[in-house]
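Could you have a look at this structure, given as structure tokens, before my questions?
The values are calculated or read from the model by the stated rules, or taken from the named source; none is laboratory data. Keep in mind that what you see is a predicted model, and the values were worked out from it rather than measured. So basically every Cβ, Gly included, is an ideal-geometry build from the backbone, and we count neighbours across all protein chains shown. Only protein heavy atoms, including side chains, enter the accessible area calculation; ligands, DNA and RNA are left aside. Shrake-Rupley method; radii C 1.70, N 1.55, O 1.52, S 1.80 Å.
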Amino acid sequence: MNLCLILVCLPLIHAQYGNGPSSSTETTMETSASPTPTSSSGAVHTVDVGEDGFTYDPDTVTAAAGDTVEFHFYPGDHSVVQATFSSPCKPLNDSSIYSGFLMGTADGNQDIFTVTINDTNPVWFYCAQIGHCQAGMVGVINPPSGGSDTLDAFKSAASTASAAPTPSAVNGGVFGKPSETTSSASSSSSTSTSEPTSEPAPMSEGSSLRVWRDLSVVLGLSVLVGICMM
């Protein structure tokens, strides 16, 4: 009887301390990787140039670093030139933002000059076409909060400012088609949630080995018990 007891206990000891895969290994094999988060792109701000005469619409834009400002040109041969608050109707320097003169199109979606915002410092701008800046065709990106540096003050100073030569080359932006950032982001967010499925998860290699090990122990015990009962 003692021999039978030893024979019955041996499979249990082997199952507990044998060479089968450890629990830590099985846990590692069954753990799935976490999804990698995706980053979203900056906002897109649209400014219509000359759609209603000598105007930028809107003439004031608040943008964060990483955002872009798209200048959509309508008929009228206009431009966008960066200036300083103290010197309206005059380029900031020869390498500052300058779109060149563009005739524009009726829908405003052909001649588009896109500027990327690198910080939240004020960017004052105007149209360099003769008389347009003096007529009030000026604007600002990220106007100062408080103080006397306002768009109205800039426009008032521009009304009596003298014209100045434009930069020698296009700077500070790129030409292209209207951005699809907003529509793409909406599309991806609406399809990011998937419906749950009713299919069971496939059995891992560690789970399969554990099942076969337990089955062999049960079968071995059954045979040994039968021998001892004889």
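Can you report the number of residues in segment 62-87 which are outside any loop (DSSP other than H, G, I, E, B), in contact with a strand residue (DSSP E or B) (Cβ under 6 Å, 6 or more places away or on another chain) and surrounded by fewer than 20 Cβ atoms within 10 Å (Cβ to Cβ)?
Number of matching residues: 1.
Of the numbered conditions (1) open to solvent by 30 Å² or more (accessible area, probe 1.4 Å); (2) modelled with pLDDT under 95, ALA153 satisfies every one except a single condition; which is it?
It is condition (2) that ALA153 fails.
Exactly one condition in (1) part of a loop (DSSP other than H, G, I, E, B); (2) crowded, with 23+ Cβ neighbours inside 10 Å is false for LYS90; which is it?
Condition (2) is where LYS90 drops out.
Which of the residues spanning segment 127-145 are open to solvent by 10 Å² or more (accessible area, probe 1.4 Å) and among the β-branched types (Val, Ile, Thr)?
ILE130
Scan segment 108-131 and report the pairs whose first residue is over 20 Å from THR84 (Cβ atoms) and whose second residue is among the aliphatic types (A, V, I, L, M), with Cβ atoms within less than 6 Å and a gap of 6+ or a chain change.
Filtered contacts from segment 108-131: ASP111/LEU102; THR114/VAL174.
Now for a different question. Pairs, please: C-beta under 6 Å, at least 6 apart or cross-chain, first residue within 19 Å of VAL69 (Cβ to Cβ) and open to solvent by less than 40 Å² (accessible area, probe 1.4 Å) and in segment 163-177, second assigned to a loop (DSSP other than H, G, I, E, B) and modelled with pLDDT of 95 or more?
Taking only residues 6 or more apart or on different chains, the pairs are PRO167/PRO91.
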